[in-house]
1. From the list T107, T121, which one is farther than 16 Å from V198 by Cα and within 23 Å of the chain's Cα centre (by Cα)?
2. Report, by residue number, each residue of region 409-457 that is under 25 Å from the mean Cα position of the chain (by Cα) and either of a type in the set (K, R) or in the same structural domain as A45 (by TED's automatic domain parsing) (or both).
3. Say whether the condition of being in contact with a strand residue (DSSP E or B) (Cβ under 6 Å, 6 or more places away or on another chain) and surrounded by fewer than 21 Cβ atoms within 10 Å (Cβ to Cβ) is met by at least one residue in region 330-339.
4. Look through A278, A350 and report the one residue that is closer than 19 Å to G451 by Cα and at pLDDT 95 or above.
5. Can you tell me which residues in region 131-162 are of a type in the set (A, V, I, L, M), under 25 Å from T367 (Cα atoms) and assigned to a loop (DSSP other than H, G, I, E, B)?
6. Of the residues that make up region 366-389, is at least one closer than 29 Å to Q180 by Cβ, touching a His at 6+ places or on another chain (Cβ under 8 Å) and in a loop (DSSP other than H, G, I, E, B)?
7. Conditions: (1) on the phi < 0 side of the Ramachandran plot; (2) outside the structural domain of H24 (by TED's automatic domain parsing); (3) of a type outside the set (S, T, Y). Q249 meets all but one. Number of the miss?
8. Pairs, please: C-beta under 9 Å, at least 6 apart or cross-chain, first residue closer than 28 Å to D119 by Cβ and in region 193-218, second among the hydroxyl-bearing types (S, T, Y) and surrounded by fewer than 20 Cβ atoms within 10 Å (Cβ to Cβ)?
Amino acid sequence: MDVHVTRSELRGTARAPPSKSYTHRALLAAGYSDGATVESPLISADTRATARAVTAFGGSVAPAGSERGGDGAAAIPGDADAIAVEGFGGRPAVPDDVIDCANSGTTMRLVTAAAALADGTTVLTGDSSLRSRPQGPLLDALGDLGVRAESTRGNGQAPLVVSGPLEGGAVAIPGDVSSQYVTALLMAGAVTDEGVEVELTTDLKSAPYVDITLELLADFGVEATPVDAAGDPLDGAAGAAGFSVPGGQTYEPAGGSYAVPGDFSSISYLLGAGAVAAAPGEAVRIEGARPSAQGDAAIVEIVEEMGADIEWDREAGEIAVERADLSGVTVDVGDTPDLLPTIAALGAVADGETRIENCEHVRYKETDRVAAMAEELEKLGAETTEEPDVLTVHGDASDLTGATVDGRHDHRIVMALSVAALAAEGTTTVRGAEHVDVSFPGFFETMADLGMTVDRD
């Protein structure tokens with residue numbers, strides 16, 4: 001699907017979708033339990049993949065209040081208020097068929113470790129994009145723990161073959177490729193017999209995503225502790241030398257349910273859109289922005305530093321942003337890789353230079369997001385400089401004009417380019433716009449309600 005976005009003025013109130021990161025973890029945590037309800041979930045292409053995996057392991061998912069059983073992932077409506085999960089009690093069954101993770105890297109990594117617990121063989125695959133993404137460090141770690149974990153092509157990429165059962169133990173893994181490897185080991189390690197001790201061989205990037213995991217595990221009654229080089233406990237994942245997870249634990253949220261918070265990765269597009277296109281004297285208001293462990297909440301401070309007038313009522317979970325003349329900033333995205341597309345789009349609108357540093361790991365997402373944003377923004381008239389670990393957007397040399405740009409089959413690229421299009425003269429065509437279904441299925445409807453002039457074909 002193509003969308004055509006014309007320069008527009010925005011006003012009104014929008015609600016942020018629930019967090020994709022939390023929903024993935026909550027669905028699998030509920031799967032590890034004997035049963036739990038996940039309230040306010042994000043129902044998207046990616047989270048349906050995780051729900052399918054829970055079903056494949058012998059659990060079931062269905063809208064709360066309905067009859068359980070069958071392929072609940074397909075039966076869950078996009079506006080479901082809650083999902084009832086019948087879990088597999090910490091011991092996944094061997095799936096009857098291949099698990100298709102579609103385009104969801106989070107699903108593949110978290111489910112690969114879950115598959116290692118099964119007493120038999122699981123095969124996991126995904127679409128062409130997912131089959132190009134690195135899984136090797138996680139496979140190596142599982143192999144060191146005594147599990148057969150292989151890439152069928154021998155290149156560290158899916159399809160993957162995993163044969164358990166995983167009993168636990170000590171393992172070393174790099175922390176600078178994907179924090180999801182760590183999350184996968186922590187979630188699975190809690191239900192092993194021996195527990196898992198994880199040593200990081202490199203500094204941990206995207207530490208706030210591991211903090212999300214630690215927060216959610218605690219809410220499900222599971223203990224997992226970050227430790228320093230001496231083995232002493234830390235308050236959070238930043239600076240951790242490793243993690244300790246005792247075995248034999250039970251997943252059981254208080255009251256049998258868990259509520260998913262709003263998603264700050266998605267809030268970044270609404271916030272950015274308000275900063276570049278709110279009608280004069282008016283604000284764009286964003287609901288569902290209560291504080292949590294999400295590192296991407298940093299977008300509020302970043303956009304404010306660029307010059308936007310922002311008010312954040314943390315208790316009410318509401319952000320108001322007004323249009324402003326933005327200025328370039330320097331941002332390190334080592335812990336917040338998903339913010340790069342939004343920051344790059346804002347940099348193309350801002351005066352001065354926006355320098356996005358520590359971003360090499362952002363090249364290993366659904367697409368190489370560093371190259372994608374550089375190349376697609378240049379089609380709109382932006383000037384960029386791309387280095388292996390730095391993306392610089394030269395706002396003073398940029399003059400945005402409507403053009404045809406490619407979303408690269410990547411939901412975050414599509415939404416970020418749509419934000420830039422709000423400030424471009426004329427109309428911008430964004431190809432592959434359907435991929436917003438991965439994390440923000442109602443993105444264009446939400447933007448239209450705020451005043452975006454958008455047509456679809």
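The values are calculated or read from the model by the stated rules, or taken from the named source; none is laboratory data. Predicted model only: the values in this text are computed from it and were never measured. All Cβ positions, glycine included, derive from the backbone under ideal geometry; neighbour counts span all protein chains shown.
1. Of T107, T121, the one residue that is farther than 16 Å from V198 by Cα and within 23 Å of the chain's Cα centre (by Cα) is T107.
2. Listed by number, the residues that qualify are R412, R431.
3. Yes: region 330-339 contains one or more residues that are in contact with a strand residue (DSSP E or B) (Cβ under 6 Å, 6 or more places away or on another chain) and surrounded by fewer than 21 Cβ atoms within 10 Å (Cβ to Cβ).
4. None of the other options fit; the residue is A278.
5. A158, the sole residue that qualifies.
6. yes
7. (2)
8. Cβ pairs passing all conditions: G195/S244; V196/S244; E197/S244; V198/S244.
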